[in-house]
1. Using +1 at the C-beta of Lys and Arg and -1 at the C-beta of Asp and Glu, which of A:ILE56, A:ILE110, A:GLY143 has the Cα lying farthest in the positive direction of the dipole of segment A:52-174?
2. Can you pick out the pairs among A:LYS158/A:LYS281; A:LYS40/A:LYS313; B:LYS113/B:LYS158; B:LYS187/B:LYS292; A:LYS40/B:LYS113 whose Cα atoms lie more than 27 Å from each other?
3. Please state the shape class of segment A:93-307: rounded when a/c is under 1.5, otherwise prolate if a/b exceeds b/c and oblate if not, all from the C-alpha gyration tensor.
4. Suppose a student asked you for the relative contact order of segment B:214-281, using Cα pairs under 8 Å spaced at least 6 residues apart; what percent would you report?
5. Classify segment A:35-153 as rounded, prolate or oblate from the Cα gyration tensor: take a ≥ b ≥ c as the square roots of its eigenvalues, call it rounded if a/c is under 1.5, otherwise prolate when a/b beats b/c and oblate if not.
6. Just how large is the dipole of chain B about the Cα centre, in debye to the nearest 20, putting +1 at every Lys and Arg Cβ and -1 at every Asp and Glu Cβ?
7. Would you work out the charge dipole size for the protein assembly as shown about its Cα centre, treating the Cβ of every Lys and Arg as +1 and the Cβ of every Asp and Glu as -1, and quote it to the nearest 20 debye?
8. Add -39500 (n - 2.57) for each DSSP H run of 4 or more in chain A, then divide by its residues: what number comes out at 222 nm, to the nearest 500 deg cm²/dmol?
Protein chains: 2
Amino acid sequence: MATNGTNSTNGTNGTNGAQKSAHRFDPDFTQAVIDNMGPKTTPRNRQVLGALIRHIHDFSREVELTIDEWMTGVHFINAVGQIYGDSNKTRNEAHRISDVLGLESLVDEIAHKIVSEGELDPTSSSILGPFWSPNAPFRNIGGSIIQDGVPPNGRVTKMWGVITDMTTGKPIPNAVFDIWQASANGKYDFQDPDNQSPNNLRGKFRADNEGRYWFYCLHPTAYSLPQDGPSWDLLTLMDRHPMRPAHIHIMVTHPDFQGCTTQLYPNDDPWLTTDTVFAVKPDLVVDFKPLKGDATATLELEYNVFLAPKGYKGKL
Amino acid sequence: MATNGTNSTNGTNGTNGAQKSAHRFDPDFTQAVIDNMGPKTTPRNRQVLGALIRHIHDFSREVELTIDEWMTGVHFINAVGQIYGDSNKTRNEAHRISDVLGLESLVDEIAHKIVSEGELDPTSSSILGPFWSPNAPFRNIGGSIIQDGVPPNGRVTKMWGVITDMTTGKPIPNAVFDIWQASANGKYDFQDPDNQSPNNLRGKFRADNEGRYWFYCLHPTAYSLPQDGPSWDLLTLMDRHPMRPAHIHIMVTHPDFQGCTTQLYPNDDPWLTTDTVFAVKPDLVVDFKPLKGDATATLELEYNVFLAPKGYKGKL
């Protein structure tokens, strides 16, 4: 016969010690889920997924998540992937959700901290974002990434600097300086096929024998994240604005050095302190200066990059 | 001029006290993300999303999540929604991921605990799962949910019992007993359109004036979760089997009572202790008995359901 009616639900006997269970729910449930992992789970997967399960469960117990709220979350997660469709092949909504929750910035901090916990620091990293392209072409040093003409309200900037070994102060010849940026309408090339050709406002430059680079780009423009879809719904729930401060993305690499992916922000941008993806760091805020005597540009930006040699661990 | 090179990254000055920061990363970052929520955020959203952000960040710092691992997670979340497509309109992968991680069972425990923390307990709840249909038809009491004929290996069961007010012991006339189950091939109607018509093995029955219900169904069959897609990838990473023990889903409701959604498990099922969605509870394990003298069924299952009146809070 069924044992129904006399309910001996697990969870009512929370007598396994206060340390193990600071809540009134089954003190053994979460560990049972974690321990269900089999012997062929790799040690790292066991660590990462075990911690993930524990934090998801702790979160749910802490707020006493209701069934309706959980179901809202299920629909939300499904919607994140569903927005990627025939008309949205370039949309990476899970990446954007990560950014809005500060997760990409945090993961970047973790990676950067592991590299840089020494006495010397390389140039600060910042998040990659969803708009980097592996297909950006090499351009000649001194060239321009403005391939489609200067857009209305565009301000041409001569950007230049030196890429240096942070441990020796010596320049790094042949370092690759990869830059990408939105146009003056706040859109990247592949978001804006009607106005921009592929690789407009993208390019790679190889530093000269003195580690120097220089080229023309635009003064960057602040823009909004998309105002539709799950990330917009989440921002709305949190009563947050969708603005990123104006920024230039750069990725500087060399085979003998640890690469640096980062972003640079004009120091007069109004969104610096409330960047909706939390990617601003003090040493990444820069000063665009008026430039005289250049036929192409009206502004200049000097930016010097400091890289750590591969294997450099600082004091670790 | 740029301030590059002299790196004053936030995070290197972790001097806000050990309580606030038991780790070596920026002690203020997570609170800054949470505090970015605006004044129009509802108090509950602030609580839930604030805790979610804190646990996601704590998880990432605890395991020192790498950029590659984070990116793997981004692709995984995108894939969850993307599997829902033209050929998969009934697939709810986020729901299944929740189940595999024990989250739906935990949320069910939380809801049930809030209802039942009194001296009396209603019938234990269990997870809804992704296969309930709002469109199941009412059938006449004593009828059968086996609409498409008994499948090979199917064992017809007469299921019967009484639905009772747990506080008074009195029957609940007109309570609705909603049942759904997979066929003997382990598939629900809408997973199996070639073999099953819509609403095969589903039905609602209205209890009589003595709170009694009875009808014919199948002895349930254990089945595997889908062996493709993100949930299968996750199970594989965790070296876990994809099996659910055999079960019958029921949902019992009445306007004056708190509804009960649960599942019943044959006591001889080999997967009871390792259910891949962690939904088995002791009082839901039942005994199917041989039945003599019934022209339709060879087995019987008595199951009595105890409901709490609306507003009943026990000792709370």
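1. It is A:GLY143, whose Cα lies furthest towards the positive end.
2. On the way: A:LYS158/A:LYS281 23 Å; A:LYS40/A:LYS313 32 Å; B:LYS113/B:LYS158 31 Å; B:LYS187/B:LYS292 29 Å; A:LYS40/B:LYS113 35 Å.
Checking Cα-Cα distances, A:LYS40/A:LYS313; B:LYS113/B:LYS158; B:LYS187/B:LYS292; A:LYS40/B:LYS113 exceed 27 Å.
3. On the way: a/c = 1.72, a/b = 1.17, b/c = 1.47.
It comes out oblate by the Cα gyration axes.
4. Working: 80 pairs, mean separation 19.7, N = 68.
Relative contact order here is 29 percent.
5. Working: a/c = 2.39, a/b = 1.48, b/c = 1.61.
Verdict is oblate for segment A:35-153.
6. The calculation lands at about 780 debye.
7. On the way: 56 positive and 74 negative charges, 6 e Å.
Around 20 debye, computed over the protein assembly as shown.
8. Numbers: 6 runs with 75 residues, N = 316.
Dividing the helical sum by the residues of chain A leaves -7500 deg cm²/dmol.
Values quoted throughout were computed directly from the atomic coordinates according to the rules given, and no laboratory measurement underlies them. Model, not experiment: these values are computed from the prediction. We place every Cβ from the backbone using ideal geometry, glycine too, and count neighbours over all the protein chains shown.
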